[in-house]
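A short write-up of the structure that comes next.
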Amino acid sequence: MKEKIIRPTNNYRWRIGMLIGMGIIVSYLDKVNISVAGSYMAKEFGWSNAQLGFLFSAFFAAYAIMMLPIGIILDKIGVKWVMRVGTLIWSIVTLMTSFVGGFGGILTMRIILGATEAPSYPGSAKAIGNWFPLHERGLATSLFDGAAKFANAIGIGLCSWAIIQWGWRGAFLVTGLLNLAFTVVYWIMYRDPSNHPKLSKEEYEYMKKYGAQETEKSEGGIIKNFLILTRSRKVWGVTIGLMANGFTYFLMLTWLPSYMMTQLNIDLSTSTLYVATPWIVATISELLLAGWFLDKLIIKGYSPNKVRKIFLVVGLLFGAIIFLQPTTNNPILAVTYLSIALGGLAVSSGVNWSIPTIIAPKGMVGSVTSFMNLFNNLMAVSAPIITGYLIDVTGNFNSVFIIAGVFIIIGTLSYSFLLSDINPINLEKKENIYTASKEEKSVH
């Protein structure tokens, strides 16, 4: 008989969840600021679309290169100090960007920023695994992954306002100050659950009983463990699915304001609402469907494997509506297609980012997440460059939307045929046979 879950009277873990979400919001403002300011910077310095695409990609190239070492560092040192130092450095770099000029200076700042923000996503995923039981993992993960979409919605308006007030440099000044303010809050609030003074014993025991991971180091050698991950069919299944999702996501993250202003002929003040709408839909879809509704289905007794896989695949299939984007230049219809596509991709993404906290061996959430994010950020590097090149060649975004749709179809196939069950990896078995943990069985 399924055990009835008795929740604790205290809910400090959800304050930590909100803190993690706020961290993703401020870090993603650093990605939005240049996408809004980019066209103004290009005009001032005489850059081509291809050059602007390379500048967009510089952040993600450095971010991707740092993924594997950051995952190892997180698993060996822990979330608290890696994130403390990272937030401080990237806040300073964002502020410094507002004081430099020219392609070389801004490129350097974006490379440093990408390297120092590398812990943000794997650190958030690892923290969620430490702070939340399995049956709350969907909503908790959606808090930080959905925050990335929400940051795009509010960031467009915030950066547009700053640019209108102070020029393109204002976008980096305002976002840098917000990052710095968050850094102070994070240093004060975040601790590991095992030694947090504001976490009650009752809540701590509840978290541990239902599957929250221990804040402990990974076992075995770094190289050996990494090679096991590279041989895991399900790790590749979830990674390829994330990459397919990522191409469209990073295309929209970097080029959506330019698409609105150039191909749909909408001015900056009007385009803010159009650009924000798909991201707002994505945020709500992820929180309600990949978060609250998914957890509700699992608590009611539906198979966690089946529920998560259905959400992964169906979400991507909704994303495939991006194929229709080249058929219209009507702003309302274009935004409708984008909203449906990004809403579906957000649901799939929210489930995807919860998977490392479930399948990772003891102490290796950072490594699994960083492995996935390394390849995901190959899309972050390539999407802006490919887009800039094709705009220069064709004069529009149409061919890029077709490429995005093809990637999405590949992702659905990966989730359907490479990703089997979603249970912890057994490092001792060469075949990577997975068995459900005691905690997951007790919940499900």
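Here Ile89, Ile112, Ile70 are screened, and the one residue that is of a type in the set (A, V, I, L, M, F, W, C), touching a Ser or Thr at 6+ places or on another chain (Cβ under 9 Å), under 19 Å from Val174 (Cα atoms) and part of a helix (DSSP H, G or I) is Ile89. Just one of (1) modelled with pLDDT of 95 or more; (2) under 21 Å from the mean Cα position of the chain (by Cα) fails for Val184. It is (2).
Are any residues in the stretch 133-162 β-branched (Val, Ile, Thr) and surrounded by 22 or more Cβ atoms within 10 Å (Cβ to Cβ), and if so, which ones?
Restricting attention to the stretch 133-162, the residues satisfying the condition of being β-branched (Val, Ile, Thr) are 141, 154, 156.
The answer is Thr141, Ile156.
Restricting attention to the stretch 169-205, the residues that are outside any helix (DSSP H, G or I) and of a type in the set (S, T, N, Q) total 1.
Is it true that Ala334 is hydrophobic (A, V, I, L, M, F, W, C) and under 18 Å from the mean Cα position of the chain (by Cα)? Before you say what the answer is, go through the steps one by one.
Working: hydrophobic (A, V, I, L, M, F, W, C): yes; under 18 Å from the mean Cα position of the chain (by Cα): no.
Answer is no for this residue.
Of all residues in the stretch 29-47, those that are open to solvent by 10 Å² or more (accessible area, probe 1.4 Å) and at pLDDT 85 or above total 7.
Taken together, the residues in the stretch 60-105 that are open to solvent by less than 10 Å² (accessible area, probe 1.4 Å) and over 30 Å from Ile386 (Cβ atoms) amount to 5. Of the residues making up the stretch 58-92, those that are free of Cβ contacts under 8 Å to residues at least 60 places away in the same chain and over 19 Å from the mean Cα position of the chain (by Cα) are Ile77, Trp81, Val85, Ile89.
If the condition is being hydrophobic (A, V, I, L, M, F, W, C) and either part of a helix (DSSP H, G or I) or crowded, with 21+ Cβ neighbours inside 10 Å (or both), then the stretch 253-272 contributes Leu253, Trp255, Leu256, Met260, Met261, Leu268.
Looking at Leu294, Leu316, Leu342, Leu287, which is the one that is under 25 Å from Pro122 (Cα atoms) and in contact with a Pro (Cβ under 8 Å, 6 or more places away or on another chain)? Let's see the steps before the verdict.
Values: Leu294 fails: in contact with a Pro (Cβ under 8 Å, 6 or more places away or on another chain); Leu316 fails: in contact with a Pro (Cβ under 8 Å, 6 or more places away or on another chain); Leu287 fails: in contact with a Pro (Cβ under 8 Å, 6 or more places away or on another chain).
Going through Leu294, Leu316, Leu342, Leu287 in turn, the sole match is Leu342.
If you check Val26 against the conditions, is it modelled with pLDDT under 90, of a type in the set (A, V, I, L, M) and crowded, with 24+ Cβ neighbours inside 10 Å? So that I can check it myself, show each step before the final result.
Working: modelled with pLDDT under 90: no; of a type in the set (A, V, I, L, M): yes; crowded, with 24+ Cβ neighbours inside 10 Å: yes.
Judged against the criteria, Val26 is not a match.
Can you confirm whether the stretch 135-146 contains a residue that is touching a residue at least 24 places away in the same chain (Cβ under 8 Å), over 20 Å from Ile73 (Cβ atoms) and over 18 Å from the mean Cα position of the chain (by Cα)? Yes, there is a match, as at least one residue in the stretch 135-146 is touching a residue at least 24 places away in the same chain (Cβ under 8 Å), over 20 Å from Ile73 (Cβ atoms) and over 18 Å from the mean Cα position of the chain (by Cα).
Checking Gly102 against (1) at positive phi; (2) modelled with pLDDT of 90 or more, which single condition isn't satisfied? Every condition holds for Gly102 apart from (2).
The values are calculated or read from the model by the stated rules, or taken from the named source; none is laboratory data. Being a predicted model, the structure only gives us computed values, none of them experimental. Cβ atoms come from the backbone with ideal geometry, glycine included; neighbour counts cover every protein chain shown. Note: areas computed on protein heavy atoms with side chains; ligands, DNA, RNA excluded. Shrake-Rupley method; radii C 1.70, N 1.55, O 1.52, S 1.80 Å.
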